[in-house]
Amino acid sequence: MVLPARAVHPHGTAGPARKDMNQEKYLLLRVAGWLDPIAIWSGRIAAWLIVPMVLGLTYEVVARYVFNAPTLWAYDMTFMLYGSFFMLGAAYTLQRKGHIRTDSLYANWTPRQQGWVDVGCYLVMFLPLVLVFLWTGWGYFYKSFSTGERFVSSPWMPLAWPFKAVMPLTGLLLAIQGISEMCKSLHAALTGEWADTSVPLQEDKVMT
């Protein structure tokens, strides 16, 4: 009995089988590609908070030292905007690998070793702490919202809950991006190559 010949890929691997292998190989990167834009766009939006902060500070300086008429709202607005700018940009900074890290040993390891160490760190340290931050921040926000809490640091006395809402939102964004980074690390651990050496980075696609 003669079996029909199989269509073989030019490199020696069956075409459909090779395609399935590539799809499985890059599945983790595909998940990361779905999650990365959340951090990218949240960072872009948070970056605009610097504009009203600078304008408010400029107005306060001119009003105080030129016209001797300081404002009631500048101090509160400044620390709320700067705190929001700092926290909401954390997930974007993580996605762009902008956080400080010590690479004295890490830099000499293979991509597989780096990947497994990163996966362990995300599972054991990063994600649990971020989830605690998310849960705790939600508690602060909910209490502030339900009681109508106000800041008493100035006569303006603004509502506190819009600023405190930034804490659980930051925790959520960091958790999402942490999962994305863990997928990239697991890909490196399993394949021996980092995402930026195997396929174009999702953030570069979005930025263009």
Six or more apart or on different chains, Cβ atoms under 8 Å: show the pairs whose first residue is in region 58-79 and surrounded by fewer than 12 Cβ atoms within 10 Å (Cβ to Cβ) and whose second is at pLDDT 90 or above. ALA69/ALA63
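Please go through region 133-163 and give me each residue that is assigned to a loop (DSSP other than H, G, I, E, B) and among the polar types (S, T, N, Q), ordered by number.
SER153, SER154
The values are calculated or read from the model by the stated rules, or taken from the named source; none is laboratory data. Remember, it's a predicted structure, so these values are computed and weren't measured experimentally. Virtual Cβ from ideal backbone geometry, glycine too; neighbours counted across all protein chains shown.
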